[in-house]
Each structure stands twice: as structure tokens, then as C-alpha cells.
Amino acid sequence: MSDRRHVRAGNDDRERVAEQLRTAVSEGRIDFEELTERIDLAYAARTLGELDQVVADLPRFSSALPVVSGEEGAEDELQLHTISRKLRQEGRWRVPTRISARVGRGGRVRIDFTTADCPHREVFVDVEVTSWFGDIVIVVPRGWRVDDREVVRRSMGAVHNRPMVPLASDGVIVRLTGHVKTGDVWVRYRRAQPGDAHDIHSTT
């Protein structure tokens, strides 16, 4: 029987290890700096054996929920997590109180609130960008306000946010949390346009 350590690793294998590393951060087992270092090793791994070495000192199983890409994992939270795919949440959709957006190497998440149904005065969006080539785009109607003061910028990570008008009387505050190691978070303010797409669209 062949040794699995020498089997070539695939994208799903690398994404599984990356999620295990994120769970380790949330549990306090490793810090953000080590997360970035280990994720880089996971992306560069060629075999399953090399991937196993990246997480050899971490628990194999965790109580954390698995990543949900482009689907509502719970009634009050939406998770948009991807390594290299492009996820779009746009059109007419009901906004939950909390959204989690995570991207890795080559991944992009676009969250467009301009024609969404939002019953809340505040929405929390937790962001995580860990690669030069990953980014998150947040589009809100004019009159809304995106507050990015709680986002931790590490290394060369950046948040680009320049509100165009003051908060309207019926405007919503989107509060960003999380961290940007490298890569970018872009905030766009615009009026809703006719013919915007509906539902969730995921493209590779």
C-alpha cells in the first residue's frame, strides 16, 4: 500500500489545513503572525506529508463549525469564506446582524448592500485577508457609514474607506472588525442601480 505522505496535495487539502490553522488562532493556540507563516507553508506544500507537518502540533479535531462558502450558516450570521474563489453576495437579500468574510491567496469576496433588505441599524462584518492577492469589497448605499476603526492592520494590509456623505437619518452603520495581514479591504459608496443581480453568485 502506498504511503499517503507522498500523495500530491490538492486545493481542497490545502483549504482544509488553512481552516484548521484559523481555528487554532481562535482557540489561542497560535498567533496571527504564526498563522500567516503556516498558511504560506500550506499553500506551498506539494504533498500530504508536507501539509501534515504544518499542523503536526495542533489538535486534529475541533468543535469549531466548518467553513460555509456563500451560504447562511445560521439565521443571524452569513459566512463568506474562500481561499482562491470569488464569492459575490448581491442583489436583493436579507442582511443578518453579523457577516464573516475571509479570503486567502487569490480569493475575493464582494458584499453589495445597495439593494439588500436590511432591518438593522448596525451590521457587524468580521474581515480576514491573509494574502497579497486577496481582497474584500464592501459596497453600501450613500447615506450609510462603514466604521473600520476596529480592524487590525498588520504588515502591508490596508482598508480603503472614504465616506462620501454624512450618515443619513435612516442610514445603517456597518462596523468592521477582524484583521488584514496583507491584501486590501475596499469600501465603496454608491446609489442603487436598476438591474442589479439577485441572489448569491459564486464563480471560480
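Rule-based calculations on the coordinates, nothing more; no lab input. Model, not experiment: these values are computed from the prediction. All Cβ positions, even for glycine, are placed from backbone atoms using ideal geometry, and neighbour counts span all protein chains on display.
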Note, ³J(HN,Hα) from phi for segment 78-87, Karplus 6.51, -1.76, 1.60, rounded to Hz, x at Gly and Pro: 10, 10, 10, 10, 7, 8, 10, 8, 10, 10
Val7 versus Gln53: modelled label distance in nm, points set 7 Å from Cα along the beta carbon direction: 1.9
Protection-proxy order for peptides 143-152, 77-86, each taking the mean of Cβ atoms within 10 Å per residue, highest first: 77-86, 143-152
Rounded to 5, the percent of DSSP beta bridges in segment 69-203 classed as antiparallel: 15
Listed residues Thr82, Val127, Val180: farthest to the positive end of the dipole of segment 69-203 (Cβ charges): Val180
Charge context of Ala42, other residues only, Cβ under 13 angstrom, K/R +1, D/E -1: -3
Formal net charge of residues neighbouring Arg110 (Cβ-Cβ distance under 11 Å; K, R +1; D, E -1): +1
Binned Cα-Cα distance frequencies in segment 4-54 - 5 Å width, integer %: 5, 25, 31, 21, 12, 5, 0
Cα gyration tensor shape for segment 69-203, rounded if a/c is under 1.5, else prolate or oblate: oblate
Positive-end residue, segment 4-54 charge dipole about Cα centroid, Cβ charges, pick of Leu51, His6, Thr36: His6
